[in-house]
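Below is one structure, written out as structure tokens, with a few remarks after it.
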2 protein chains.
Amino acid sequence: MGTREQIVEAANRLFYQQGYERTSFASIAETVGISRGNFYYHFKTKDEILEAVLEARLQDTRAMLARWTEGAATPLKRVFRFVEIVVANRADIEHYGCPVGTMTSELAKLDHPSRAQAVDIFRVFRDWLREQFTELGHAANADDLALQVLAFSQGVATLSNAFGERGYVKREVERLKTRLMSLDT
Amino acid sequence: MGTREQIVEAANRLFYQQGYERTSFASIAETVGISRGNFYYHFKTKDEILEAVLEARLQDTRAMLARWTEGAATPLKRVFRFVEIVVANRADIEHYGCPVGTMTSELAKLDHPSRAQAVDIFRVFRDWLREQFTELGHAANADDLALQVLAFSQGVATLSNAFGERGYVKREVERLKTRLMSLDT
DNA sequence: GTCTATAGCTGGATAGAC
DNA sequence: GTCTATCCAGCTATAGAC
């Protein structure tokens, strides 16, 4: 893997675990195992790394959703697949929250130029969920349902991160799935 | 108002609007209108200011909930009062997110010693909501319901902050209130 | 492409005069 | 209680050798 990709990967993880503001060039360089000087050959400013990280996350998200679209047979199963992210990643979420939600929140407070790019990741999920609900026969309020599922995952992620209680995420996910099943006609 | 109180008030606002990590002593001192040197007469470290801010928020929260307990006639109306916070504060939330959620998330990433204190604010809301649902006759799952309402407000706050769409918060709040009304026997 | 060295700035924190 | 002056560490960013 090229140095540039290694930098993006390390920055991606550190931004998630420590936050963008907190993460320094030095710590990224140290993680990758290169000097700070070399760093600037690949990225001129910290904002450039952020852009690359957000771009990578966007691509990863699109790829993941494409796999889910192909892999799950019914739209309801696809929505379930989304909802179960918080279960699969619950260990990380307990420590660092949702990568998408915490990043958009931080960039909003910093009034950062890349804020819109971070929100785009939310938008990709929202569009994909809307499609699933449309296929499910709820075209009229598909976007509303998409936002509800997104809000659910954000709420659960925030509280799981705050309280760190065993079983909480799974319990809430099961309840939402039960509610969602009543949408299947 | 004493200088110390002014510092806490300014820090409280800046921590909310910019985040803890981003906010510098200089900016707090400038907001209050004192020198950096004077600052250290009142607080020895940045962590001490954070503790004072969190303590103030905790007191404010308790006081607000006590007013609501007295002011609203029924437990359902009290829960509504809570849910409507996101409507009343929607302008701030669009800009900076929920003060409680974003603070706990940031302190979690920073692995900050005061993280538990920030979570206590969530806990005060949770306990108060649980009491309301208990009074409402749902003692068996009062804590679950409290967490659901909390998660709702966090999810809506995060998405409102991300998308900034007019009408979104009000619409979601109305929907939750409708759902909650079915709990009233 | 990668390194060392270093500039220039801002952060938190201290000392001491008033 | 409030100020000015100052220290030192850490940060982003640059220059130039290899």
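Of note:
- Local electrostatic count at B:A91 - Lys and Arg +1, Asp and Glu -1, tallied over other residues with Cβ under 13 Å: +1
- Shape descriptor for the range A:66-113: Rg over Rh equals 1.14 (Cα atoms; Rh from the Kirkwood inverse mean 1/r).
- Computed magnitude of the charge dipole of the range B:87-129 (debye, nearest 20; Cβ of K, R +1, Cβ of D, E -1): 100 debye
- Ascending list, in nanometres, of distances separating the B:N38 label from those of the other copies (7 Å, Cα toward Cβ): 5.0
- Positive minus negative residues near A:F163 (Lys, Arg vs Asp, Glu; Cβ under 15 Å): +1
- Mean shadow area of chain B, taken as a quarter of the surface of its Cα convex hull (nm²): 11.4 nm²
- Other protein chain C-beta atoms within 10 Å of residue C-beta, averaged over B:145-155: 6.
- Relative packing of peptides B:172-183, B:45-56 - highest average C-beta neighbours within 10 Å first: B:45-56, B:172-183
- Inter-copy label distances at B:D143 (7 Å, Cα→Cβ; nm, one decimal): 4.0
- Greater than 31 Å apart at Cα, pairs in A:K46/A:K170; A:K109/B:K77; A:K77/B:K77; A:K44/B:K109: A:K46/A:K170; A:K109/B:K77; A:K77/B:K77
- Here the simple spin-label model places points 7 Å from the Cα toward Cβ, and for B:E30 and B:E51 these points are separated by 2.8 nm.
- Nearest beta-carbon to the B/A symmetry axis - residue in chain B, distance in Å: B:G155, 2
- Ranked by how many other beta carbons lie within 10 Å on average, peptides B:76-82, B:89-95 from highest: B:76-82, B:89-95
- Evaluating 6.51 cos²θ - 1.76 cosθ + 1.60 at θ = phi - 60° for every residue in the range A:174-185, the Karplus couplings come out as 4, 5, 5, 4, 4, 4, 5, 4, 5, 7, 7, 9 Hz, glycine and proline recorded as x.
- Computed over the range B:1-156, relative contact order equals 23 percent, with contacts defined as Cα pairs under 8 Å that lie 6+ residues apart.
- Computed over the Cα atoms of the protein assembly as shown, the ratio of the radius of gyration to the Kirkwood radius (Rg/Rh) comes to 0.98.
- Average other protein chain Cβ within 10 Å of Cβ, residues A:11-21: 3
- Average beta carbon contacts from partner chains per residue of B:157-167, 10 Å cutoff: 6
- B:A63 label point (Cα plus 7 Å toward Cβ) to equivalent points in the other copies: 5.3 nm, shortest first.
- Centre-to-centre, using Cα atoms only, the range A:168-185 and the range A:100-165 are separated by 17 Å.
Read the figures in this text as sums done on the coordinates, not as results from a lab. On a predicted model such as this, the values are computed, not experimentally measured, just so you know. Methodologically, a virtual Cβ is constructed for each residue, glycine included, from the backbone with ideal geometry; neighbour enumeration extends over all protein chains shown.
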